[in-house]
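The values are calculated or read from the model by the stated rules, or taken from the named source; none is laboratory data. No experiment lies behind these values; they were computed from the predicted model shown. So basically every Cβ, Gly included, is an ideal-geometry build from the backbone, and we count neighbours across all protein chains shown. What goes into the accessible areas is simple: the full protein's heavy atoms, side chains included, and nothing from ligands, DNA or RNA. Shrake-Rupley method; radii C 1.70, N 1.55, O 1.52, S 1.80 Å.
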Amino acid sequence: GKDAAAQREYLALLDAESLPSVFKSSLTAEILRNVISTALSVLEEEGGGEGAKEHAVEVLKGLASVPRFDMTAMFLTGKDKKELKPRWSTVASTLPEALGAAMTKLMKTYKL
């Protein structure tokens, strides 16, 4: 829907390297879940631009550098993890080698 399209546009605008300063201590489990879900949507897209997929992985890497990320990731609900984990696994196994390997590594970081 419209929200998904808007979220994708927002994701495309995020500078992965600036995420730690953008979110400092304001990263919530809800924001984290929404960014993960949006990034996975980009990565799941058939024939989506390679640049967009690389950017989505970079944003996920950048989020993991946000202060208190580990604490925030712990607050993802069981329901969130149950929904996100299979999508993440599928994406990791279907992406080109380097991106897939990065997603597999990040899966541990995100405790999924």
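Can you tell me the dipole magnitude for the chain around its Cα centre, using point charges on the Cβ only (Lys, Arg +1; Asp, Glu -1), in Debye to the nearest 20?
Result for the chain is approximately 600 debye, rounded to the nearest 20.
Ranked by accessible surface with a 1.4 Å probe, highest first, in what order do 8, 68, 87 come?
Per-residue accessible area, sorted high to low, gives 68, 8, 87.
Can you give me the relative contact order of the chain as a percent, contacts being Cα pairs under 8 Å and 6 or more apart?
31 percent
What is the total of Lys pairs in the chain with C-alpha atoms under 12 Å apart, excluding same-chain pairs fewer than 8 positions apart?
Taking the Cα cut-off of 12 Å, the pair count is 6.
Here are some values of P(r) over Cα pairs in 5 Å bins from 0, in percent: (i) 2, 11, 19, 23, 20, 12, 6, 3, 2, 1, 1, 0; (ii) 2, 13, 24, 26, 22, 11, 2, 0; (iii) 2, 9, 13, 14, 13, 12, 14, 13, 6, 2, 0. Which one was computed from this structure?
The value computed from this structure is option (ii).
Between the stretch 32-60 and the stretch 61-112, what's the alpha-carbon centroid distance in Å?
The two parts, judged by their Cα centres, are 12 Å apart.
All other residues with a Cβ under 13 Å from the Cβ of residue 38 taken together, and with Lys, Arg as +1 and Asp, Glu as -1, what is their net charge?
It works out to a net charge of -1.
Kindly report, to the nearest 10 Å², the accessible surface of residue 25 as traced by a 1.4 Å probe over protein heavy atoms only.
For residue 25, the solvent-accessible surface is approximately 80 Å².
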